[in-house]
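The values are calculated or read from the model by the stated rules, or taken from the named source; none is laboratory data. Note that the structure is predicted; figures quoted are calculated from it, not measured. So basically every Cβ, Gly included, is an ideal-geometry build from the backbone, and we count neighbours across all protein chains shown. Ligands, DNA and RNA are excluded from the accessible area calculation, which covers all protein heavy atoms including side chains. Shrake-Rupley method; radii C 1.70, N 1.55, O 1.52, S 1.80 Å.
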Amino acid sequence: MTTDPLVVFTPSGKRGHFPVGTPILTAARQLGVDLDSVCGGRGICSKCQITPSYGEFPKHGVTVREGALSDWNAVEQRYDDKRGLKPGRRLGCQAAVQGDVVIDVPPESQVHRQVVRKAAAARAIVMDPATRLYFVVVEEPDMHSPTGDLERLERALRQQWNIEAVTADLSLMTKLQPTLRKGKWEVTVAVHKGHKDEVARIVEIWPGLHESGLFGLAIDLGSTTIAAHLTDLETGEVKASSGLMNPQIRFGEDLMSRVSYAMMNPGGDQEMTRAVREAINDLTTSIAEEAGIDAALIVETVFVCNPVMHHLLLGLDPVELGQAPFALATSESLSLPAREMDLTAINPRARVYILPCIAGHVGADCAAVALSEEPGKSEDLVLIVDVGTNAEILLGNTSRVLACSSPTGPAFEGAQISSGQRAAPGAIERIEIDPVTKEPRFRIIGSEKWSNEDGFDIDIATTGITGICGSGIIEAVAEMRMAGLLDESGLIGSAGQTGTARCVPEGRTHAYLIHDASAEGGPRITVTQGDIRAIQLAKSALYAGARLLMDEMGVERVDRVVLAGAFGAHISTKHAMVLGMIPDAPLDKVMSAGNAAGTGARIALCNIASRAEIERVVREITKVETAIEPKFQDHFVAANAIPHKTDPFPELGLVVSLPSPSFNTGGEAEAGAGGGRRRRRRG
């Protein structure tokens with residue numbers, strides 16, 4: 001057993017042992033970590049910036065102590081003096097391994113940038129925002145009527161717009177008099193009044209008629225990604241959508257790992273809060289630049305997030321959420337000044353609204369999905385699954401709505417997968433396996449061509465084939481099952497059992513070879529037995545959560561299934577059903593809603609009445625806690641089978657023979673790849 005230090009890279013999750021003195025850039029390259037560098041490690045280009053993390057990391061099984069990296073050196077100091085490095089950053093070519101360490105590769109240091117696929121869906125929204133623009137003509141001061149400028153502005157708003165009372169922060173007051181005079185007593189003001197506010201507040205003022213617009217941000221703050229939609233508060237138009245990886249990944253890929261980090265490292269919660277707030281500020285700056293607007297015109301932000309992210313965003317210790325009874329500091333909606341949350345990239349007087357949480361493990365993101373998809377208004381029974389690192393599940397109709405959360409983990413995001421990666425150009429996102437020849441063909445992000453089509457090699461010349469992302473691994477496992485490479489228990493067969501040399505030995509198990517470019521120095525992409533187990537665990541948690549809600553509702557089938565979330569929008573419904581991720585339903589009744597949580601955030605941003613509505617709806621939703629329900633474990637174990645033990649034949653409406661080989665004996669398969677139990681219609 002090696003005694004060399006362990007180096008863990010996030011967000012990729014790749015790890016390896018390296019001798020003391022190995023540069024971080026060298027370790028990254030040997031592991032295939034996406035860390036940029038163009039200067040040959042001379043500390044000139046700065047593209048290999050990394051962030052080391054210190055403390056106890058139970059998820060990674062390491063404790064990172066001070067001195068885990070070599071000391072700050074003259075090359076780094078020279079670069080810092082000339083161009084500046086963010087606090088805590090190091091140059092990967094200069095920092096060398098001295099002990100176990102967790103290294104985060106920030107987005108700007110990645111060659112293949114993460115594709116955060118949470119685009120805004122088209123949605124008709126009745127515009128009635130909390131923050132509006134008003135043009136007013138203010139009376140000039142008069143010595144015979146000694147009133148202040150603010151009081152005369154207030155009078156103008158009352159007389160011209162029926163706004164009865166307003167207040168203003170001191171920072172606005174400092175702008176008031178020069179702006180009134182510059183505008184010759186004609187000004188435009190941005191006035192915010194929340195649905196619970198008795199008095200409106202002026203958040204900005206401009207001389208004359210302001211025609212540069214007014215904007216808000218709808219932010220879906222997820223465990224893995226942060227997605228933002230810059231929205232015109234007058235028209236509802238989405239001016240730009242952008243996203244980035246949640247930098248908290250370096251403290252733990254899943255929520256409970258982050259709670260553990262806060263428990264075991266004093267000040268760890270504050271460290272994670274600073275990291276996510278800085279990321280939101282960076283995202284705000286970039287999305288404003290992309291849209292070509294002044295970030296000071298962003299006067300309101302709406303957040304949706306799960307309970308742990310909710311607490312870490314607000315600077316609240318999440319420790320209570322890691323143990324029964326999973327008590328939230330508050331489950332109510334919140335309206336507060338952006339400056340209290342250190343959101344400095346937007347207007348200094350901007351307001352923040354955070355949707356209510358449903359329960360200790362069911363957050364504001366699930367509330368946003370309920371606002372967007374309205375299961376309580378559905379005549380048929382609809383199951384809504386927001387697929388992510390932590391799945392949020394809703395089941396309901398006009399009579400009743402149930403909700404729960406299920407800890408699927410990061411495997412669906414490509415983490416904890418041997419050849420896995422986040423969604424980025426070069427990642428395999430679609431795959432098909434011929435059931436006769438067992439040969440694969442695939443598509444990567446960045447190309448519309450399949451790997452066996454003419455022009456594919458030209459298409460991928462700039463990106464290459466780098467790994468497999470979440471949607472790709474889902475399709476790969478399902479295709480392996482349909483092609484007879486995988487038995488019901490999830491065991492991969494040998495070459496002799498499956499009839500293909502692509503099933504290669506790997507220790508005591510086997511792996512399926514998708515792509516091999518190792519001869520040219522490229523990656524060797526396989527699906528291993530460990531990958532299958534990781535996907536089984538993730539999909540079983542998802543399925544078990546849904547079945548638990550169905551038990552509570554007293555039903556065996558649902559009428560419709562809606563897959564929500566960025567991941568849900570990019571997975572094949574057929575493959576999700578074959579894999580057994582979701583309870584059986586007719587394939588034509590399984591659909592995608594896109595980023596429903598983000599849509600809910602936009603609705604709350606653009607329509608003030610929807611805030612009161614979701615606050616009412618949340619109080620009526622029945623919460624089911626998976627952590628304390630004995631049946632959850634029963635469903636989880638049964639769902640480990642592919643598709644699952646209790647519903648072995650998905651209602652796909654397909655003519656597909658689901659093979660029933662068994663590779664457990666170590667000999668030939670009990671049933672050949674072509675031996676299926678039941679035929680189904682092709683629709």
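Out of 335, 372, which single residue is surrounded by 23 or more Cβ atoms within 10 Å (Cβ to Cβ) and touching a residue at least 24 places away in the same chain (Cβ under 8 Å)? If you could, list the steps in order and put the result at the bottom.
Working: 335 fails: surrounded by 23 or more Cβ atoms within 10 Å (Cβ to Cβ).
Step by step, each of 335, 372 is checked, and only 372 is surrounded by 23 or more Cβ atoms within 10 Å (Cβ to Cβ) and touching a residue at least 24 places away in the same chain (Cβ under 8 Å).
Going through segment 309-325 one residue at a time, which ones are within 22 Å of the chain's Cα centre (by Cα) and in a loop (DSSP other than H, G, I, E, B)?
Step one: list which residues in segment 309-325 are within 22 Å of the chain's Cα centre (by Cα), which gives 309-319, 321-322.
Result: 315, 316, 317, 318.
Any chance segment 249-271 includes a residue that's part of a helix (DSSP H, G or I), under 18 Å from residue 11 (Cβ atoms), out of contact with any Cys (no Cβ under 8 Å at 6 or more places or on another chain) and β-branched (Val, Ile, Thr)?
Taking every residue of segment 249-271 in turn, at least one turns out to be part of a helix (DSSP H, G or I), under 18 Å from residue 11 (Cβ atoms), out of contact with any Cys (no Cβ under 8 Å at 6 or more places or on another chain) and β-branched (Val, Ile, Thr).
Which of the residues spanning segment 237-283 are out of contact with any helix residue (DSSP H, G or I) (no Cβ under 6 Å at 6 or more places or on another chain), over 19 Å from residue 53 (Cα atoms) and touching a residue at least 40 places away in the same chain (Cβ under 8 Å)?
Of everything in segment 237-283, those that are out of contact with any helix residue (DSSP H, G or I) (no Cβ under 6 Å at 6 or more places or on another chain), over 19 Å from residue 53 (Cα atoms) and touching a residue at least 40 places away in the same chain (Cβ under 8 Å) turn out to be 238, 241, 243, 280, 281, 282, 283.
For segment 443-462, state whether one or more residues are in contact with a strand residue (DSSP E or B) (Cβ under 7 Å, 6 or more places away or on another chain), closer than 30 Å to residue 405 by Cβ and among the β-branched types (Val, Ile, Thr).
So far as segment 443-462 goes, yes, one or more of its residues are in contact with a strand residue (DSSP E or B) (Cβ under 7 Å, 6 or more places away or on another chain), closer than 30 Å to residue 405 by Cβ and among the β-branched types (Val, Ile, Thr).
Go through segment 70-108 and count every residue that is of a type in the set (Asp, Glu), in a loop (DSSP other than H, G, I, E, B) and either open to solvent by less than 40 Å² (accessible area, probe 1.4 Å) or free of Cβ contacts under 8 Å to residues at least 60 places away in the same chain (or both). Outline the logic, then answer.
Filtering segment 70-108 down to residues of a type in the set (Asp, Glu) leaves 71, 76, 80-81, 100, 104, 108.
After this cut, where a residue has to be in a loop (DSSP other than H, G, I, E, B) as well, the list is 71, 100.
From what is left, the residues that are either open to solvent by less than 40 Å² (accessible area, probe 1.4 Å) or free of Cβ contacts under 8 Å to residues at least 60 places away in the same chain (or both) are 71.
So the count comes out to 1.
Listed residues 153, 157, 172, 180; which is modelled with pLDDT of 95 or more and either polar (S, T, N, Q) or farther than 27 Å from residue 128 by Cα (or both)? Quick ask: steps written out before the conclusion?
On the way: 153 fails: either polar (S, T, N, Q) or farther than 27 Å from residue 128 by Cα (or both); 157 fails: either polar (S, T, N, Q) or farther than 27 Å from residue 128 by Cα (or both); 172 fails: either polar (S, T, N, Q) or farther than 27 Å from residue 128 by Cα (or both).
Only one candidate passes the filter, namely 180.
Among the listed residues 585, 609, which satisfies the condition of being of a type outside the set (Lys, Arg), more than 26 Å from the chain's Cα centre (by Cα), farther than 30 Å from residue 452 by Cα and open to solvent by 10 Å² or more (accessible area, probe 1.4 Å)? Talk me through it step by step, then tell me what you get.
Working: 585 fails: open to solvent by 10 Å² or more (accessible area, probe 1.4 Å).
Going through 585, 609 in turn, just one is of a type outside the set (Lys, Arg), more than 26 Å from the chain's Cα centre (by Cα), farther than 30 Å from residue 452 by Cα and open to solvent by 10 Å² or more (accessible area, probe 1.4 Å): 609.
Please enumerate the residues belonging to segment 6-25 that are assigned to a strand (DSSP E or B) and among the polar types (S, T, N, Q).
Selection gives 10 alone.
Can you find, within segment 385-405, the residue that is nearest to the chain's Cα centre (by Cα) among those that are within 15 Å of residue 547 (Cβ to Cβ) and surrounded by 24 or more Cβ atoms within 10 Å (Cβ to Cβ)?
So the first thing to find is which residues in segment 385-405 are within 15 Å of residue 547 (Cβ to Cβ), and the list is 385, 391, 393-395, 402-405.
Narrowing the set further to residues that are surrounded by 24 or more Cβ atoms within 10 Å (Cβ to Cβ) leaves 385, 391, 393-395, 403-405.
Details: 385: 14, 391: 11, 393: 16, 394: 18, 395: 22, 403: 20, 404: 18, 405: 15 Å.
By that ranking, first place goes to 391.
Within segment 612-632, how many residues turn out to be part of a helix (DSSP H, G or I), in contact (Cβ under 8 Å) with a residue 24 or more places away in the chain and either closer than 16 Å to residue 549 by Cβ or over 25 Å from the mean Cα position of the chain (by Cα) (or both)? Please lay out each step first, then the result.
Taking segment 612-632 first, the residues part of a helix (DSSP H, G or I) are 612-620, 626-628, 630-632.
Now restrict to residues that are in contact (Cβ under 8 Å) with a residue 24 or more places away in the chain: 612-615, 617-618, 620, 626-628, 631-632.
Next, from what is left, pick out any that are either closer than 16 Å to residue 549 by Cβ or over 25 Å from the mean Cα position of the chain (by Cα) (or both): 612-613, 620, 626-628, 631-632.
Adding up the residues that qualify gives 8.
Tell me the residue from 475, 488, 453 that is at pLDDT below 95, of a type in the set (Asp, Glu) and loosely packed, with under 15 Cβ neighbours inside 10 Å, please. Show your work before the answer.
Details: 475 fails: loosely packed, with under 15 Cβ neighbours inside 10 Å; 488 fails: loosely packed, with under 15 Cβ neighbours inside 10 Å.
Of the residues listed, the single one that is at pLDDT below 95, of a type in the set (Asp, Glu) and loosely packed, with under 15 Cβ neighbours inside 10 Å is 453.
Out of curiosity, is residue 199 β-branched (Val, Ile, Thr) and touching a residue at least 60 places away in the same chain (Cβ under 8 Å)?
No.
Within segment 433-450, does at least one residue satisfy the condition of being in a loop (DSSP other than H, G, I, E, B), touching a His at 6+ places or on another chain (Cβ under 8 Å) and hydrophobic (A, V, I, L, M, F, W, C)?
Restricting attention to segment 433-450, the residues satisfying the condition of being in a loop (DSSP other than H, G, I, E, B) are 434-439, 445-450.
If we keep only those that are touching a His at 6+ places or on another chain (Cβ under 8 Å) as well, we get none.
No, because not a single residue in segment 433-450 is in a loop (DSSP other than H, G, I, E, B), touching a His at 6+ places or on another chain (Cβ under 8 Å) and hydrophobic (A, V, I, L, M, F, W, C).
Taking into account only those residues within segment 284-308 that are over 18 Å from residue 598 (Cβ atoms) and either part of a loop (DSSP other than H, G, I, E, B) or among the acidic types (Asp, Glu) (or both), which is least open to solvent (accessible area, probe 1.4 Å)?
293
Among the residues of segment 144-189, which ones are of a type in the set (A, V, I, L, M) and open to solvent by 90 Å² or more (accessible area, probe 1.4 Å)?
170
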